[in-house]
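For reference, the structure discussed in these notes is given below.
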Amino acid sequence: MTSMHRGLLMGSLAMALAVTAATAADRATPATTEAMSMLKDAIALQTVEGKNQVPVFARYLADKLESAGFAKSDIEIIPVEQTAALAVHYRGSDATKKPILLSAHMDVVAANPADWTRDPFKLVEENGYLYGRGVADMKSNVIALTQTFMRLKREKFAPSRGMIFVFSGDEETAMASTRELAKRYHDAEFLLNADAGGGTLDEHGKPIVYEIQAAEKSYADFLLTITSAGGHSSEPDPPKNAIYRLAKALEHIASYSFPIQHSEITLASLKAAGAHDKGPLADAMRKFANDPNDTAAAAVIAADPAYVGQVRTTCVATMLNGGHALNALPQRATANINCRIFPGTPIAEVQASLAKVIADPSVTITVQPPPPVESPASPLRSDVVDAVSAMVHTRYPGLEVVPGMSAGATDSMFFRNAGVPSYGVSPDFAKTNDTFAHGLNERTPAANVPWALEYWHGLLMRLSK
Ligand SMILES: [Zn+2]
């Protein structure tokens, strides 16, 4: 959860009481029992970079799906470099309808058992939490989606619109498998991403808000390079010194702010956050949501590091390198500038702005590999918003469902780039910074598993029937 939603606390305290009692009962269903045993197997498979376990995991999922009635021809394991992608078709009866894509990733971030309290590759349940690498990011939902497909197949559910799993195998690293999936599967109605969006709980475990992630900022790294003749350090010539000239360029970037921007998505989520909070920031959010030309309000929002990303493109120096010997004038100095680009702004435009701001033609600016992907925001389709809201309200009646834009990137960026509207609609509810995804002792509330099964079952039936 971004702190944007902290303000929603007060507005939704009354909205979350139906949780505890049901969870235990839900855990006893055949679906949940099956899912928990599959999750145990999934966590044990070390699908981290360099261990070649993703193809094994894909095979495991494929075998489970076949055992539930999927034909071999419905399932494809696609080898990609050191990993694999998995595509699974749930055929629809109306061939004129484009399919719904269901996105997830099978790989996880590395974990060193020596640093963890428990074995990261052994699923453990303690005090209402599940622990293990990938329980939050994102094997619980890989399994919940798989078990839901199995359940629907066993129930002989016959949708009119087809659904396709597009499970990648290196979302956390090179995303080569995602590129491959987007190349093969971009003629689709829309994509639901289980790796973004989701619900926020307050510190008491009560729901605050549910976010549908409908946009991601584009990610790009630019390398600034300055060279000079160099020479003996006893003969300094500051105007020509590569390090000094780089420092000047960085100064210019540090004091530059990209223009204020807004979208239907950012205005809606700022409005929701502002409506549920007090203080100058909440005031500014409400004013900006009401009038995006309100420069004073925009300035208040932009002054907060947690929110500046919601109202403009940001670029920041993240790495530096220069010089080759202690007693020699530097011949080369470089710096990396990491940019999070507002959807709809071309990467080239940001590069041109940086060149203008640096105002030193001897500074070369190059785009760092892999080539950045422009990711346009997705329109707020009412069928998706209504279906997700209806499912969220089966657990938390009346809870606020708002759109959101995240600064980080997911597999959605390749599909958005290929023209597929994409929505982060993870069923997971968690407290702020409480899952430790990518970190030590990753965990997720145990109640998320039975809920995810109900959520996906209802959502997929609603959207594909
Ligand atoms: Zn993830």
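A few notes on this one:
- Number of the condition not met by residue 104 [criteria: (1) small (Gly, Ala, Ser); (2) in a loop (DSSP other than H, G, I, E, B); (3) under 18 Å from residue 459 (Cβ atoms)]: (2)
- Annotation: of all residues in segment 116-131 being free of Cβ contacts under 8 Å to residues at least 60 places away in the same chain and part of a loop (DSSP other than H, G, I, E, B), the one that is farthest from the ligand (Cβ to nearest atom) is 127.
- Odd one out for residue 90, checked against (1) within 16 Å of the ligand (Cβ to nearest atom); (2) buried (at least 24 other Cβ atoms within 10 Å of the Cβ): (1)
- Of the residues making up segment 220-263, those that are within 13 Å of residue 359 (Cα to Cα), of a type in the set (Asp, Glu) and open to solvent by less than 80 Å² (accessible area, probe 1.4 Å) number 0.
- Residue match in segment 410-426 (condition: surrounded by fewer than 22 Cβ atoms within 10 Å (Cβ to Cβ) and touching a Ser or Thr at 6+ places or on another chain (Cβ under 9 Å)): yes
- Test: residue in segment 310-325 that is part of a helix (DSSP H, G or I), open to solvent by less than 40 Å² (accessible area, probe 1.4 Å) and without any contact (Cβ under 8 Å) to a residue 24 or more places away in the chain: no
- Subset tally (residues that are more than 13 Å from residue 215 (Cβ to Cβ), out of contact with any Phe, Trp or Tyr (no Cβ under 7 Å at 6 or more places or on another chain) and not in a helix (DSSP H, G or I)) for segment 401-427: 5
- All of (1) within 16 Å of the ligand (Cβ to nearest atom); (2) in a helix (DSSP H, G or I) hold for residue 458 with one exception: (1).
- Which listed residue is among the small types (Gly, Ala, Ser), more than 16 Å from the ligand (Cβ to nearest atom) and under 24 Å from residue 312 (Cβ atoms), from 196, 254, 247, 242: 254
- Scanning segment 168-193 for residues being within 12 Å of the ligand (Cβ to nearest atom) and part of a strand (DSSP E or B) gives a total of 2.
Table: residues versus (1) within 15 Å of the ligand (Cβ to nearest atom); (2) assigned to a loop (DSSP other than H, G, I, E, B); (3) surrounded by 24 or more Cβ atoms within 10 Å (Cβ to Cβ); (4) charged (D, E, K, R).
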position	(1), (2), (3), (4)
110	yes, yes, no, no
114	no, no, no, no
133	yes, yes, yes, yes
140	yes, no, yes, no
153	no, no, no, yes
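- Filtered by the rule that a residue be within 16 Å of the ligand (Cβ to nearest atom), at pLDDT 95 or above and among the polar types (S, T, N, Q), segment 407-434 gives 410, 412, 422, 426.
- Among (1) farther than 15 Å from residue 78 by Cβ; (2) surrounded by fewer than 16 Cβ atoms within 10 Å (Cβ to Cβ); (3) under 23 Å from the mean Cα position of the chain (by Cα), the one test that residue 184 misses: (1)
- Among the conditions (1) free of Cβ contacts under 8 Å to residues at least 60 places away in the same chain; (2) surrounded by 24 or more Cβ atoms within 10 Å (Cβ to Cβ), residue 77 misses just one, which is (2).
- Selection from segment 386-408 of residues that are in contact with a strand residue (DSSP E or B) (Cβ under 7 Å, 6 or more places away or on another chain) and open to solvent by 40 Å² or more (accessible area, probe 1.4 Å): 400, 407
- Taking segment 280-308 as the range and being part of a loop (DSSP other than H, G, I, E, B) and open to solvent by less than 70 Å² (accessible area, probe 1.4 Å) as the test, the residues that pass are 291, 292, 294, 304, 306, 307.
- Of the helices (runs of 4 or more DSSP H) contained entirely in segment 1-73, those carrying at least 2 residues that are modelled with pLDDT of 95 or more fall at 30-44, 54-67.
- Which numbered condition residue 175 misses (of (1) among the hydrophobic types (A, V, I, L, M, F, W, C); (2) in contact (Cβ under 8 Å) with a residue 12 or more places away in the chain; (3) closer than 22 Å to residue 35 by Cα): (3)
- With respect to the conditions (1) at pLDDT 95 or above; (2) part of a loop (DSSP other than H, G, I, E, B); (3) within 15 Å of the chain's Cα centre (by Cα), residue 375 lacks only one, and its number is (1).
- Given (1) assigned to a loop (DSSP other than H, G, I, E, B); (2) more than 14 Å from the ligand (Cβ to nearest atom); (3) modelled with pLDDT of 95 or more; (4) touching a strand residue (DSSP E or B) at 6+ places or on another chain (Cβ under 8 Å), number of the condition residue 160 does not satisfy: (4)
The values are calculated or read from the model by the stated rules, or taken from the named source; none is laboratory data. Note that this is a predicted model, so its numbers are computed, not measured. So basically every Cβ, Gly included, is an ideal-geometry build from the backbone, and we count neighbours across all protein chains shown. Side chains are part of the model used for accessible areas, which takes the heavy atoms of the whole protein and leaves out ligands, DNA and RNA. Shrake-Rupley method; radii C 1.70, N 1.55, O 1.52, S 1.80 Å.
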